[in-house]
1. Please turn the phi angles of segment 11-21 into ³J(HN,Hα) values with the Karplus equation 6.51 cos²θ - 1.76 cosθ + 1.60 (θ = phi - 60°), one per residue in order, whole Hz, x for glycine and proline.
2. Using +1 on the beta carbon of Lys and Arg, -1 on that of Asp and Glu, and nothing else charged, what's the dipole of the chain about the Cα centre, debye to 20?
3. If you take every residue apart from Asn37 with its C-beta less than 13 Å away from the C-beta of Asn37, what net charge results, scoring Lys and Arg +1 and Asp and Glu -1?
4. Modelling each spin label as a point 7 Å along the Cα-to-Cβ direction, I'd like the Leu19/Leu50 distance in nm, to one decimal.
5. Quick one: net charge around Gly60, please, counting Lys, Arg +1 and Asp, Glu -1 for every other residue with C-beta under 12 Å from its C-beta.
6. Can you tally the net charge around Ala102? Count Lys and Arg as +1, Asp and Glu as -1, for every other residue whose Cβ sits under 15 Å from the Cβ of Ala102.
7. Could you state the angle between the C-alpha long axis of helix 95-113 and the longest principal axis of the C-alpha atoms of the chain, as a value from 0 to 90 degrees rounded to the nearest 10?
8. Average projected area of the Cα convex hull of the chain, in nm²?
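All of the numbers you see were taken from the coordinates with simple rules; none came from a lab. Computed from a predicted structure; not experimentally measured. Heads up, the Cβs are rebuilt from the backbone with ideal geometry, glycines too, and the neighbour counts pull from every protein chain shown.
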Amino acid sequence: MFERTFLRFLLVGLGNTALGLAVIFGFRLVVGEVLANLLAYLLLVPIAFLTQRRYAFRDGGGRLSGFLRFLPVVATAYALNVLTLMVLLDVGSDPRLAQIVAISVYAIASYWLSRRAVFRSPVP
């Protein structure tokens, strides 16, 4: 059975993912796939941190220290995202499907790393 934190993470993540995909698809109109992906992540990292902190993990630790721990988590998850995206594009996958799979890889890595390294002070 899923723990409540994971279920909240999935719900918040759905919103963040929908927003992220909308931004990526918007950027795709003017730049390439990988750059669209990067620009969307740069814009959405603070939003993801705040929503995950508040609603998914209900963390009561310091915002700045949490955000500084969040950045390497995002960088690692993003690296996995880009690797997935590039491999799928290289094998001829549809770019939209490749973006969806890549963002899913990001979400799984982000949850696992955030749970262990970032959000360590849950509010009861």
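1. Coupling constants for segment 11-21: 5, 5, x, 4, x, 5, 5, 4, 4, x, 5 Hz.
2. Values: 12 positive and 5 negative charges, 131 e Å.
It comes to approximately 640 debye.
3. Numbers: positive: Arg28, Arg96; negative: Glu33.
Once all neighbours under 13 Å are counted, the net charge is +1.
4. Spacing of the two 7 Å Cα→Cβ label points: 0.8 nm.
5. Working: positive: Arg53, Arg54, Arg58, Arg63, Arg120; negative: Asp59.
Net of charged neighbours comes to +4.
6. On the way: positive: Arg28, Arg96; negative: Glu33, Asp90, Asp94.
Once all neighbours under 15 Å are counted, the net charge is -1.
7. Roughly 20 degrees between the two axes.
8. On the way: hull surface 30.2 nm².
Computed as one quarter of the Cα hull surface, the answer is 7.5 nm².
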